[in-house]
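The numbers here are math on the coordinates, done by the rules we state, and not lab data. Note that this is a predicted model, so its numbers are computed, not measured. Here Cβ is always computed from backbone atoms with ideal geometry, including for glycine, and neighbour counts include all displayed protein chains.
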Amino acid sequence: MFRLLLLLCLTGGLTGCLPSTYPELEPWPDLIDLRDGLYMPGDVDFELPWALPLEEIARQHPEGRQEVVHACLLLPLTGARAEEGRDALKAALLAAEVRAEQPATERRVRWHVEDTMGQRNEAVSAAERCIGRQALLLAGPLLDRQVNEIVPAMAGRGVAVMVPEPGAANLERWDERFVAVGPPAHVMGRILAEHAASQGPPGIAAALVPAEGIGPATADRWMEHLAAQGWTRGPVLPLPANDPGPWPDALRKVAAAGATAVLIGGGVPPAAALLPVLKDEAPDLRLWMIDASSQVEFVHQAAHAGLLDHIHFTLRRWPARDFRRAFAQRWGHRPLHASASVYDAIVLGHAAGETAGFLTGPDMGGAARRFTGTSAWGDPARTDDAPRDHCAAAGYDVAVAVQGSPESGGIWTFVPVEDLGEATP
């Protein structure tokens, strides 16, 4: 059987076999090369976010033949979003260093870095360059809907993609080649809708979401799942993320339409603009909001306004304390939120390339999903984020219902302490 598979690989009769040779048109440094200064900053088109040389960590020199699986990390290392990309690159290097200290396997994944410049067309070009050089794994792109743009470049190629936040939130079509490192929008929308439906009889559902980011895709799934459970579709209103002006009138509009459950977010909704309307003009509305971890101020103001029983939040996982500590010790500052998902993308990519039975997109995706090792993320049901403090001061506690897949996080519902009795979590 092995000889048959080997023959099929050599003759091209089986897709996803390790390429026998890689085109070496020019030097292609990997993460550890960049860390060690084997390729200097002038050899890449972006500035490295660390000063060379760093403390060198010895590479593994495995005995015998070791197959190499090439992989690409797509990040915005120049342009307007360079700060996010460079922070993510530091997290990726941290993950690669951890892997380099572990025992060698029969296959080794080499992570190369490509700059997307924060632009969709450059993300596509970067993915095409990687696939053209026979990379079998991609991680990224990091920004918004760019991951959708690279899908055509993958057609007919045995490539698997580790999709970090916020790309995971915005990928429009999922299959076995894609591994979500953060919660995708279709999962977020579903768990929000399921929780809303569990709170009472069917009503009218509406949504107020910024026109960009996770909001529109989450709203689509929110409306779809509630409609399937007998709810009536109300307005879905796209709003500016950074201008609070239109939000109060939008909330009045959905209230006038008879809405009883309103999806709010992503991003950070304007608490000072929305809460007075909710309290004085629309007291029957209940809000289901995307991501409490970025909305501490909203929770704080809702607590002071006595409106905690009107709001529910999804809570995506937050970078775990161990990851934050390791990152800060290595780099001297705390990581950005999305950097934890890039760390995990590298870890999962190693699992995909090193343990998959065959190097096809679905096989590598399955190997990554089966990985149970250490993650950069914490447990949403055991969080100690600041919203708890505001709730306690207002006489409330948080009942966390973990729903859906683990990466989806949980739902925070604010419950008066006296209603919880001894069952307070």
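Rg/Rh for region 72-190 (Cα atoms only, Rh after Kirkwood) is 0.96. Ranked by the mean number of other Cβ atoms within 10 Å of their residues, highest first, the peptides 70-77, 136-143 fall in the order 136-143, 70-77.
Karplus-based coupling profile of region 102-117, in residue order and whole Hz: 8, x, 6, 10, 5, 10, 10, 9, 10, 8, 9, 10, 10, 8, 8, 6, with θ = phi - 60° in 6.51 cos²θ - 1.76 cosθ + 1.60 and x standing for Gly or Pro. Summing Lys and Arg as +1 and Asp and Glu as -1 over all other residues whose Cβ lies under 14 Å from the Cβ of Met223 gives a net charge of 0. Shape class for region 125-250: prolate, because the ratio a/c of the largest to smallest gyration tensor axis (alpha-carbon atoms, square roots of eigenvalues) is 1.5 or more and a/b beats b/c. Taking a ≥ b ≥ c as the square roots of the eigenvalues of the alpha carbon gyration tensor, region 91-159 is oblate, as a/c is not under 1.5 and a/b does not beat b/c. Take the alpha carbon gyration tensor of region 68-109, find the square roots of its eigenvalues, order them as a ≥ b ≥ c, and report rounded if a/c is under 1.5; if not, report prolate when a/b exceeds b/c, else oblate. Here region 68-109 falls in the oblate category. Can you figure out the FRET efficiency of Leu38 with Ala104, using R₀ = 22 Å and their beta-carbon distance, to the nearest 0.05? Computed FRET efficiency for Leu38 and Ala104: 0.70. Of interest is the spacing of the C-alpha centroids, which for region 246-289 and region 130-153 amounts to 37 Å.
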